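**Q** Supplied in structure tokens, the structure appears directly below.
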Amino acid sequence: MLQRIRSFLALLEDSFLVALVVSMVVLSFSQLVLRNLGVSGMTWSDTALRINVLWLAMFGALRASRTQNHIAIDLMTRYVSGKAAAIIHFLVSVSAAAICGVAAYYSYSFVLIEKEDGMTAFLGVPVWACEAVIPFALGIIALRFILNAFNPPDPNAAQP
């Protein structure tokens, strides 16, 4: 049952990533067509595209952390094995989780400040709602690093 829930959440995450990319392409293309037709275009689209890039980056980071394809400096694990490699993996994962957790906390504080300001980004969408993806994604990434800390790397896996 747990595996089915994980698979569903992964599918949801990947589908949202695809939807973000498609929406960016459609919005960019429609802006191009409108401007070539002499119409001023949609004034809100540039802001929407910038926010879409933020969401795409955060959900891309989520996917990378889920599949463990994130940027990693594994110099130490190339030269050690066994118990030492597992300890290093644990310490690195817990450290990464702590850093992401602190960043999530402070980005959440930032979003709350933006909410108090009451500014809108485009089409009446509040700025804080556009930025809320930052603490959300960082919090999930921190959780994934914590869970990954207790899942040591397979010593028989091929090194890239």
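The values are calculated or read from the model by the stated rules, or taken from the named source; none is laboratory data. Note that the coordinates shown come from a computational prediction; the quantities given were computed from them, not determined experimentally. Note: ideal-geometry Cβ built from the backbone for every residue, glycine included; neighbour counts use all protein chains shown. Remember, those area values only see protein heavy atoms, side chains included, never the ligands or the DNA or RNA. Shrake-Rupley method; radii C 1.70, N 1.55, O 1.52, S 1.80 Å.
**Q** With V127, V80, V102, V133 as the choices, which residue is in contact with a strand residue (DSSP E or B) (Cβ under 6 Å, 6 or more places away or on another chain) and of a type in the set (A, V, I, L, M)?
**A** After applying the criteria, what remains is V127.
**Q** While we're here: A48 passes all but one of (1) touching a residue at least 24 places away in the same chain (Cβ under 8 Å); (2) under 23 Å from L143 (Cβ atoms); which number fails?
**A** Result: A48 passes all but (2).
**Q** Let me ask another. Quick check on the range 113-123: of everything there that is outside any loop (DSSP other than H, G, I, E, B) and open to solvent by less than 70 Å² (accessible area, probe 1.4 Å), which residue is modelled with the highest pLDDT?
**A** Here the answer is E114.
**Q** May I pose another question? For the range 1-112, list the helices (runs of 4 or more DSSP H) that sit wholly inside it and hold at least 2 residues that are open to solvent by less than 70 Å² (accessible area, probe 1.4 Å) and under 27 Å from A149 (Cα atoms); which are they?
**A** Correct list: 2-36, 45-67.
**Q** Here is a check on your reading of the model: is A129 outside any helix (DSSP H, G or I) and either at pLDDT 95 or above or farther than 28 Å from S95 by Cβ (or both)?
**A** no
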